[in-house]
Every structure is written in structure tokens, then in C-alpha cells.
1. Quick check on the exposure proxy: order B:69, A:222 from fewest to most C-beta atoms within 10 angstrom.
2. Using a Förster distance of 60 angstrom, determine the FRET efficiency expected from the C-beta separation of residue A:311 and residue B:77, and round it to 0.05.
3. Report relative contact order for chain A in percent, whole number only (criteria: Cα-Cα under 8 Å, sequence separation at least 6).
4. Which residues in region A:143-162 place their backbone N less than 19 Å from a point set 7 Å from the Cα of residue A:265 along the Cα-to-Cβ direction?
5. Where both residues lie in the protein assembly as shown, what percent of DSSP beta bridges are antiparallel, nearest 5?
6. For residue A:127 and residue A:30, what is the calculated FRET efficiency with R₀ set at 41 Å and r taken between the beta-carbons, to the nearest 0.05?
7. With the crude spin-label approximation of a point 7 Å out along Cα→Cβ, what separation in nm comes out for residue B:205 versus residue B:189?
8. Average projected area of the Cα convex hull of chain A, in nm²?
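What follows is calculated from the coordinates using simple rules that are stated; it is not laboratory data. Quantities reported herein were computed from a predicted structural model and do not represent experimental measurements. When we count neighbours, we look across all protein chains shown, and the Cβ atoms used for this are built from the backbone with ideal geometry, even at glycine.
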Ligand SMILES: Nc1ncnc2c1ncn2[C@@H]1O[C@H](COP(=O)(O)OP(=O)(O)OP(=O)(O)O)[C@@H](O)[C@H]1O
Ligand SMILES: [Mg+2]
């Protein structure tokens, strides 16, 4: 991780150790600091931010690395979540342990990624986007309707009382005392999600700077030249889909275990768009940017939620505009302003920034 | 050990139509291992189209070709043909413009290396060795084609002539038997063209057969062992440079075109 950090921040070895130590302390203390400063609700927001960062990093492999526009990415999140929920809840009375269902969900999502990718990856650009959009909706509609004739998903009601994440007798679902310090459930989830997020970051960084990562970049830059250099473009694109889907499934399982309840509503087009926004807004292809985008897009709506209600009260003495609408309005405005101000994202990869300013490649 | 006269590529009756236009009709030619073979002809004669068929970017409407003793119906995927040993450059340069010049060449090593997801993530011994080998090979190839720039420089920041040479390095990284060059001297000045000529001779001396499309008549005549002339999709002449130069059909095609 330290090496990655070194490259990530582009600092020398000695300072990297210092930065590593500092960052570790900040990350470890963060939930307690936020709990103390802003309240427990914000720690929950933090947990969601980590989940969305994982999702955004997964989508970044597909969109940022390989340059394939996927508008149905949330489907893989759903597959992971439902896999966890069905195998760890009273729905079927199955209660498999967390360390089995979580990898299983990721694997299943990976399988779905290949299933979607195999027939569609010959499509380009806009066409691929439309097909993936359709796929996302199909998965959601399936989940919504698989309650009859046999009840599998419990339809729109969703699945509740999902087993909390637990290893042996240690459950993350309730507060635990470790070394005399009390850790509330949201804090425990934070640490677990942090481990997985760091893992996803690590894998992303390693992939980017490898034979596979170069092949993805080559396809994104010029697919024809890439194929003429001996790259089996279909397989390499499929690999990007599969990897992205795996991360999505992983985040889905964690989400189900954390939330304890899931329903198809959580896996709509809006979520796909939101994750895509994190990637684009943060800076496609750059891990730091994507992480930043993930945090921002989880935190901004929460901030605007507070502002929309309380600020109106304070300024005007009464609620003039429905806070929920105002919140979305402010959120949309923030997105537009950011994209106008930094079209390549807040923290773009140097490569992407160059691409956006370059002209289109010529034909054969 | 291949005998010097072994045929590396034998094209038989290749056809290609675009709607009503017959871009290639019944084109046949054979290229010996170790020679530099020129393909010339007026604009729109079908030279690039033939390249695109040989490298799998276009599908042939008829005919076949035999490369390195394997027969292809002109319908194989580009990566299959690249793996078989046909590498190319493009008339309109197609580099990975925003990747470094070293990475561009490293991508050429893709098909004869093996590191997958697992190796990329764990960086186990084999993966590290392989990465080190191709980094070194790419650096050698850059030097080989005469690019002395910093390795992290972006491909698009190279001069035009250097970009053409980078394309050659990238193609050589695939370990080809046949190197197909589509107008490599286009846009080069006289000095650059001269050093290109030397480079192509060196490449040939290292055992790579060269198929060359070129408009620069002086370069083609001075470099090629044999030449074929295309006009309106048909082969109108073939032979050693002196024969082709004096062929009345060729003179007519160029003056008439
Ligand atoms: N993809 C395509 N679709 C339609 N027509 C095409 C296509 N590719 C080539 N052609 C046509 O086929 C003919 C041969 O083109 P080609 O590019 O092979 O010529 P060329 O010999 O390479 O010419 P130049 O010296 O100008 O590069 C031309 O008339 C061209 O317009
Ligand atoms: Mg041409």
C-alpha cells in the first residue's frame, strides 16, 4: 500500500512513510472524529461513501480504463446484494456465513458481467450504452417481479431482516467493545468497508500499470490499432466488464449486510447514473479522482438535504419550496457548475485530460 | 532453416468490393521470405485495401492467401493474423497518442506475453520478470528505430517522422515475419527518408520480410527487390525495379492517372 501511496501522491520514499503513517491515523480515527463533531448519522454517510467509492472504482475499470460506456452498472450491485440477501435471511431460511456469500455474490456478478458483455461488446459507444441501460432495467424488473408464481425475491417489498455481517460469534450488527473502547455498529462497518475499499484501490492501481491495463488503454485510444497489434479486443473488453462487475457484486453484498434490508428500488437507473457521475466528475481513469468523486457525490446530497430545510427556515422563517425538490435542484446545479469549471473532472488522470483536448483519431 | 527462396506470403485471387466499386479484383502475388517487396500504384488503386485484408481489418469477398504455410480466406480476426506474424503500420498514423512511447511499443508485446489479472495484481515472480523483459525489449526497439527521446514522452508529441518510426517499433514488437508498411516515408524530408531506407535494410537483414507501399518512386526503386503495380484494383505489372520502370502499362497508369 505504501508503494501505491508513493506513486499516488508522487512523493519520495522518506516522506511516503510519514504520509502513510499520517493517513493511517486519520483513517482510523475518522469515524470517532465525525461522530463527535457532526453526529452518528454522518458516520453512516461515511459508510455509504465507502460503498459508493467501491462501485465507482469498479465502473472506472469499464469506463475509465477500457473506455466502454456502461449505463446499467448498478445491476451488478443488485446481483451481489440479492445474492447476499437470499442466502442470509429468513426469506429461504438459509443463513450462510458472510465469508461465503460475499465472494459468491462477487463471483455471480462477474458471471453476469460476462453474460452481458459477450453478446454486446461488439457494439460501440452509444449503442453499447443503450444495451447496458436495458440490461440494468431488466435486472431491476426481474427482481421486482420474481415474487410469483414462486416467491424468490419478495418483489417490491424487498427482503428484510438480512443477517448482519458476522465472523464467528463477532457481529458487526451491534456495538462491540474492543480493548475497552466501545465501537458502535456503524463504526465497525466503516473499518470493514475501509479494508475492502483499500483492497479495490490496490487492485485498480496494479491493474492499471500492467499488461492488461495497457491493453485496456490501447483499446480506448485506438481499437483498430490495438487489434492489429495482436490484442484480442473482445476478450480484453470482456475482462474489463468482468472485473468491474466483480467489484460491483462485492459492494452489493456489503450493502445488503450493512443495511439489513434491500428492495429493487435501490437499484434503479438513477443509481447507475450517480455512479457514472462519480467517475466522470471525479476524473475518469484516475483513482484519486474517482475516490474524491465518490465522497463528493455522497456528501453533497446530504449537505443540500440539511441546507434545503434549515437554511430556508433560518432565512425566510418558513418553508417556501419543498426541501426535497430544492435539494435535488441544488445538487444538479452543483454538478453543472463542476463540469463547466473542470470538464475533465475535478482530478483527472493526466491521460484523460489530454484525450479530452485532442481531436478524434482518423479513419483507416 | 528456411531456404532463401521460400515463399512467405502467397496471395491468390483476392477480391474486394465496396458497393459497386471493385477495389481489388483477382489480385495474386507471392512474396519470398527475406525480400523487400514494393507495392505501388496511383491513388485509390487498392494498396491500403490489400493491407487491410492481410491484417484482418477488412474481409475479402473472394480469394485466399497462404501465409507461413497456413491458409486464410481473408476473413480472420486482426489479432489472429498479428499472432501469425503479420504486423503493419498505418497510412494515417494510428499510434496510442496519449500513451508514452515506451508503452506504445510494450503494447506490441501483448500477444506473446501472458500476465493476466492474477499476475498483474500479485506481481509474482513470473509477472515481474515478464514486465521487465518487455520494458527492456521496448527500450531496445526504440533505440533500434532511432528514437532517442525520453521513454515517458507521449507518442503524440513526437515529430511526424518519429511517429512513423515509432509505429515501426511497435509493429516489430509483435515479432513479425512480415512487416507491412503503408507509406512510411509520407511527410518525411530527404534526410529522414534516407535514414528510413537504412532502417528498412537493417530490418530485412535481421530476417524480417518487408512489404512496402510507397509513393516515393526513388525510395521504392532503390530499396525493393521486386515490385507489383496496382491500378484500379488490378495488378498490372510485377518484377524487378528496372522491368517495372520501363513497363508501358505502368507508365500509362501513372501518366493517365
Ligand atoms: N471502407 C471503404 N468503404 C468504401 N470504399 C473504400 C473503403 N476503403 C477503400 N475504399 C475505396 O477503395 C479504393 C481503394 O482504396 P485504397 O485506400 O486501397 O487506395 P490506395 O491504393 O491505398 O490509395 P492511396 O495511395 O491514396 O492511399 C478507393 O476508391 C477507395 O475510395
Ligand atoms: Mg493507401
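1. Values: B:69 9, A:222 19.
Listing B:69, A:222 from fewest to most nearby Cβ atoms yields B:69, A:222.
2. On the way: r = 59 Å, r/R0 = 0.99.
Efficiency computed from Cβ-Cβ geometry: 0.50.
3. On the way: 562 pairs, mean separation 98.1, N = 364.
Taking the mean separation of contacting Cα pairs over the length of chain A, I get 27 percent.
4. The answer is A:143-147, A:153-162.
5. Numbers: 30 of 46 bridges.
Counting DSSP beta bridges with both partners in the protein assembly as shown, the antiparallel share is about 65 percent.
6. On the way: r = 43 Å, r/R0 = 1.04.
Computed FRET efficiency for residue A:127 and residue A:30: 0.45.
7. A separation of 2.6 nm, rounded to one decimal place.
8. On the way: hull surface 86.3 nm².
Mean shadow area of the hull around the Cα atoms is 21.6 nm².
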